[in-house]
1. Applying the selection to the range 90-113, what residues are touching a helix residue (DSSP H, G or I) at 6+ places or on another chain (Cβ under 8 Å) and β-branched (V, I, T)?
2. Would you confirm whether any residue within the range 467-477 is modelled with pLDDT of 95 or more and closer than 24 Å to Y385 by Cβ?
3. Filter the range 494-545 down to the residues that are within 26 Å of the chain's Cα centre (by Cα), among the β-branched types (V, I, T) and open to solvent by 60 Å² or more (accessible area, probe 1.4 Å), then identify the one that is farthest from F258 (Cα to Cα).
4. If you check T491 against the conditions, is it within 30 Å of S438 (Cα to Cα), open to solvent by less than 10 Å² (accessible area, probe 1.4 Å) and of a type in the set (S, T, N, Q)?
5. Report, by residue number, each residue of the range 239-278 that is acidic (D, E) and modelled with pLDDT of 75 or more.
6. T387 versus (1) open to solvent by 30 Å² or more (accessible area, probe 1.4 Å); (2) modelled with pLDDT of 90 or more: which is the lone unmet condition?
7. Does A88 count as in contact (Cβ under 8 Å) with a residue 40 or more places away in the chain, closer than 26 Å to T349 by Cβ and under 22 Å from the mean Cα position of the chain (by Cα)?
8. Could you please find all residues in the range 401-431 being open to solvent by 30 Å² or more (accessible area, probe 1.4 Å) and in contact with a Pro (Cβ under 9 Å, 6 or more places away or on another chain)?
Amino acid sequence: MAGWGYAFSLTKEQVASSEPPGSVRLIEHHLHRTVSGRNQEDDTIVLIPPPSQSGLDPLNWPTWRKYSVLLTMSLFSAVASFGSAAVAPALPAFIPEFLVFPERGPPHPLPFSTLTHLVAVNVLLIGCSNIFWVPLASTFGRRPILLISMLLATFASMWCGLATSFNSLLAARVIQGAGFGPADTIAPDTVGEVFFVHQRGRAMAIYTVFLAGGSFLGGVAGSYIAGNLGYRYLFWITTAMLAGVFVLDLLLVPETLFDRQAALVAEQHPSVTGDGSYHDEKKAGVSQIEQAIPLGDKMSYTRSLRIGVYRGNLLQHFLDPWRSLAFPGTWVVMLHYGGLLGGLVTVATIGPQILAAPPYLWGNNVGLFGLGAVVGGFLGFLPTYFTADRYMTNGAKKESHGLAEPESRLPALFPALFLATTGIWTFGFCVANPSKHSWAGMIVGYGMIGFGIMQIPSIGFNYLIDSYYSISADCFVMTTISRAVVSFAWTFFAAHWVETSGAALPFGIFGMIMGIFALLTIPLWLFGKRMRIATAGYLPKHENH
């Protein structure tokens, strides 16, 4: 039985002991008597999802292969972020390159608000292109779609470097953004498919540091590259990096779309448990981690190079992302990510332009503005990496039933959401009140947003994978669409709005919107499990975990 009325009529004890999708029995408590006659409790981390006994199962791959997948997907996200973000601080260098020739009077440069469209359309397509990429990846496999998207992004970046007019460059940035799209959806889902629940937090933290790090590096280096080498080198450097990632993906990332349910049925096991375990007393105070021993086919290197599977029902896969909107967790995470990226991209676009103008006149040094986000991002990465899995593991260890809940990750979001919201305000109010030292406040505000971008997506993505494992890629589609639409809207209009109304009003409103999105975390934290009970019937009946 499920439904909203039923879910919210349950007692706290009934909710705590129920196991809707997303709630997993992560810890098994074992009581044994020691030689001295004392009772001692040992805890074992259960492998979730339960792996099959096939060596083709990504969960059974050796550690080196799993981290090859993680590193390659992380590099793809870093290069895509760099290629998208590096243009924003370089926009002052674009001004003399694209002139308008009126019928009367001398030629004049394009207004800055028009140049910002190079950033806005790219961000829009990064998100919206996933309406097509993810269903295709769910039908024909992750590997062919990743390779195709990387090739598309590589050739589009070459087009950007060769474009001789603004309209040509704008069109190339649209296609480039479409090629970057899977870095935000298929890449994190691929990472989630090769790691167990108790390992995903740190894996996603590594992925997120590359995702955000690419943006930070582009924000710092973009102005220097464009100012010293010419703006075309932004795109040639991106082209070279994309070609390198394509080769890594071709050689090191096998297909991760694996029908685990069918494998388990074929083995006539409802689940698979390990024969042995190893001691790791430093792992969150848990003494043992269950181990599964693969017995079936091995993933040979030749087999890893195969491209393409077919999972059928393409039309259904195109509809699935929209069905993910039935889950409150999807809305909260996508609004977080949309508001956060909207603020980050807008600040990254407006900041260099402000610092290039009086009273600052930083010239090519406007890229130093990005150092604020670098420092903030580094400070955000450390707690994310070291606590991402600890919250869930420790929470399960304290419960007598050993259940781990995705909501146990959410308290780590509160400091990051607070800093990101106030960071948008700090930047805007410092821009609105220029003085000799206002640049310092602008950089601090950018750093506060950088802290948030390092932590919020990592925890949010993990929450979606943990709660809705079977449709997590579909949830990512809606998350990136939200990011794209908000970032596009804010970036498209922000420059003109700041020019006409000053910075205080736009960034005050942007911060208010981000604050409202942040407050939605509280009901999800308090009632998220009841919401998962209420919506359990909307999930596919057979999940690969």
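The values are calculated or read from the model by the stated rules, or taken from the named source; none is laboratory data. Note that the coordinates shown come from a computational prediction; the quantities given were computed from them, not determined experimentally. Neighbour counts are summed over all protein chains in view; Cβ atoms, including those assigned to glycine, are modelled from backbone coordinates with ideal geometry. Side chains are part of the model used for accessible areas, which takes the heavy atoms of the whole protein and leaves out ligands, DNA and RNA. Shrake-Rupley method; radii C 1.70, N 1.55, O 1.52, S 1.80 Å.
1. I95
2. There is no residue in the range 467-477 that is modelled with pLDDT of 95 or more and closer than 24 Å to Y385 by Cβ.
3. Once the filter is applied, the top-ranked residue is I516.
4. yes
5. Scanning the range 239-278 gives D249, E255, D259.
6. (2)
7. Spelling it out, A88 is indeed in contact (Cβ under 8 Å) with a residue 40 or more places away in the chain, closer than 26 Å to T349 by Cβ and under 22 Å from the mean Cα position of the chain (by Cα).
8. P415
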